[in-house]
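Here the structure comes first, spelled out in structure tokens, and everything after it is commentary.
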Amino acid sequence: MVTGGAGFLGSHLCDRLVEQGRDVVCVDNLFTGSKANIRHLLGSPRFEFLRHDVTFPLYVEVARIFNLACPASPVHYQHDPVQTTKTSVHGAINMLGLAKRVRARILQASTSEVYGDPSVHPQPEEYWGNVNPIGVRSCYDEGKRCAETLFFDYFRQDRVDIKVMRIFNTYGPRMHPHDGRVVSNFIVQALRGDDLTVFGDGQQSRSFCYVDDMIRGMLLMMESPSGVTGPINFGNPAEFTMLELAEKVLEKIGGRSKIVFKPLPSDDPRQRQPNIAKARETLGWEPAVTLDDGLEPTIAYFRELLNGGAGFGLRPMEGQPSMRAKRATE
Ligand SMILES: NC(=O)c1ccc[n+]([C@@H]2O[C@H](COP(=O)([O-])OP(=O)(O)OC[C@H]3O[C@@H](n4cnc5c(N)ncnc54)[C@H](O)[C@@H]3O)[C@@H](O)[C@H]2O)c1
């Protein structure tokens, strides 16, 4: 079972699982996910889609639960922060309860945001983080932290077979076009011939992991030996400045766009980079796709989307016109 299976990462995971010959139940309430992401799977006898909100209990017989349900970008998770916390916390309780009941192994898609505004770079798993409990991002950060707590309490108290992965910035085809993340922002701006907006001097750095690498890591983590609970960081440690990323996107897309600079928002971290030593040692995992290689299919996806091909429509989410204006870093 993949919760959040119609989303960006979830739909790629469903693809891989169906390819592996697994029977897949995709559970999603379609808040940020889309049927377009899974349409090609709907005809497969191995694939079932269940429209369901994980904040409510669910009873199905499954052997593995990948718990990905949660809006991941600030524009989306800040839209209804109470629902975001409920999705992480009630969702974790419901899925862990199910895992306990049917003795399923369960994997949590946690996040680098559990480190908050870190004072340690890059962040090892032992770092406890520096999170504001009352800010506008707290619904996501603290919700994910509480979900991790629940995973480890179900592990200690009920011996539920858990896996916790902390995901750093991931990009690729099927990212939501209006989620405000820098990779999709730059690509969409360049494809439309708009100027690319770089905040500050563009020297702040980020690391970007291509979706195929992340899904490979997720599958390795799920099938790791029982004692391997995590948390384990997953991401691509290669660092790029925002300016370098903008230049790469422009170089690949061409056109009339220019780079324009805007003031840096106060909550914008200077650097975010994963320490993936544990993933390397424990699972032999490391990313293989370079930013140059990963940008190609991502640009191709957004190009098709702009031409109306992929069925998402390049409009702001309906009824939420202000979302595009908000800034995002994850
Ligand atoms: N993409 C990244 O860079 C990244 C980084 C860190 C962590 N993550 C985590 O990975 C997971 C997937 O992220 P994504 O980038 O694919 O985001 P996404 O928004 O594309 O996918 C999340 C999916 O969960 C669904 N969902 C949301 N609330 C739900 C609910 N209450 N019940 C059922 N379904 C619900 C959405 O409709 C969507 O399909 C999330 O848990 C996210 O926190 C992602």
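How many of the residues making up the stretch 59-77 are buried (at least 18 other Cβ atoms within 10 Å of the Cβ) and in a loop (DSSP other than H, G, I, E, B)?
7
Check whether at least one residue in the stretch 225-234 is under 14 Å from the mean Cα position of the chain (by Cα) and open to solvent by less than 20 Å² (accessible area, probe 1.4 Å), and report yes or no.
Yes, that holds for at least one residue.
Every residue in the stretch 253-296 that is aromatic (F, W, Y) and either open to solvent by 40 Å² or more (accessible area, probe 1.4 Å) or without any contact (Cβ under 8 Å) to a residue 60 or more places away in the chain (or both), please.
Of everything in the stretch 253-296, just one residue is aromatic (F, W, Y) and either open to solvent by 40 Å² or more (accessible area, probe 1.4 Å) or without any contact (Cβ under 8 Å) to a residue 60 or more places away in the chain (or both), namely F261.
Kindly check whether there is at least one residue in the stretch 1-13 that is more than 9 Å from the ligand (Cβ to nearest atom) and not in a helix (DSSP H, G or I).
yes
Which of (1) assigned to a strand (DSSP E or B); (2) more than 10 Å from the ligand (Cβ to nearest atom); (3) of a type in the set (S, T, N, Q) is the odd one out, the single condition Q108 does not satisfy?
Exception for Q108: condition (2).
Please go through the stretch 133-182 and give me each residue that is within 16 Å of the ligand (Cβ to nearest atom), of a type in the set (D, E, K, R) and out of contact with any Leu (no Cβ under 8 Å at 6 or more places or on another chain), ordered by number.
R137, D141, E142, K144, R145, E148, R166, R174, D179, R181
Of all the residues that make up the stretch 80-117, how many are surrounded by fewer than 19 Cβ atoms within 10 Å (Cβ to Cβ) and more than 21 Å from V2 (Cβ to Cβ)?
Count: 4.
Please specify each residue of the stretch 160-179 satisfying the condition of being in a loop (DSSP other than H, G, I, E, B), under 20 Å from I253 (Cα atoms) and under 13 Å from the mean Cα position of the chain (by Cα).
Matches in the stretch 160-179: G172, P173, R174, M175, H176.
What are the pairs with Cβ atoms under 9 angstrom where one residue, in the stretch 32-50, is more than 16 Å from L9 (Cα to Cα) and touching a residue at least 24 places away in the same chain (Cβ under 8 Å) and the other, located anywhere, is more than 14 Å from the ligand (Cβ to nearest atom) and in a helix (DSSP H, G or I)? Sequence gap at least six, or different chains.
Every condition considered, the pairs that remain are S44/V18; R46/L17; R46/V18; F47/L17; F47/V18.
Could you please tell me which pairs satisfy a Cβ distance under 9 Å, a separation of 6+ or placement on different chains, a first residue in the stretch 132-146 that is within 18 Å of S119 (Cα to Cα) and in a helix (DSSP H, G or I), and a second residue that is acidic (D, E) and within 14 Å of the ligand (Cβ to nearest atom)?
D141/E113; R145/E113
Counting just the residues of the stretch 14-39 that are assigned to a helix (DSSP H, G or I), open to solvent by 10 Å² or more (accessible area, probe 1.4 Å) and not charged (D, E, K, R), which one comes out nearest to the ligand (Cβ to nearest atom)?
Filtering first and then ranking leaves A36.
Can you tell me which residue within the stretch 53-97, out of those that are in contact with a helix residue (DSSP H, G or I) (Cβ under 7 Å, 6 or more places away or on another chain) and among the charged types (D, E, K, R), is farthest from the ligand (Cβ to nearest atom)?
Among residues in the stretch 53-97 that are in contact with a helix residue (DSSP H, G or I) (Cβ under 7 Å, 6 or more places away or on another chain) and among the charged types (D, E, K, R), the one farthest from the ligand (Cβ to nearest atom) is E61.
On the basis of being aromatic (F, W, Y), assigned to a loop (DSSP other than H, G, I, E, B) and over 17 Å from the mean Cα position of the chain (by Cα), does F56 make the cut?
When the stated conditions are applied, F56 passes them.
Which ones in the stretch 161-192 are among the acidic types (D, E) and open to solvent by 20 Å² or more (accessible area, probe 1.4 Å)?
D161
The values are calculated or read from the model by the stated rules, or taken from the named source; none is laboratory data. Owing to the predicted nature of the structure, the values given are computational and were not obtained by experimental measurement. No Cβ is skipped: glycine too gets one built from the backbone with ideal geometry, and neighbour counts run over all protein chains shown. To get the accessible areas, we keep the full protein, side chains included, count just its heavy atoms, and leave off ligands, DNA and RNA. Shrake-Rupley method; radii C 1.70, N 1.55, O 1.52, S 1.80 Å.
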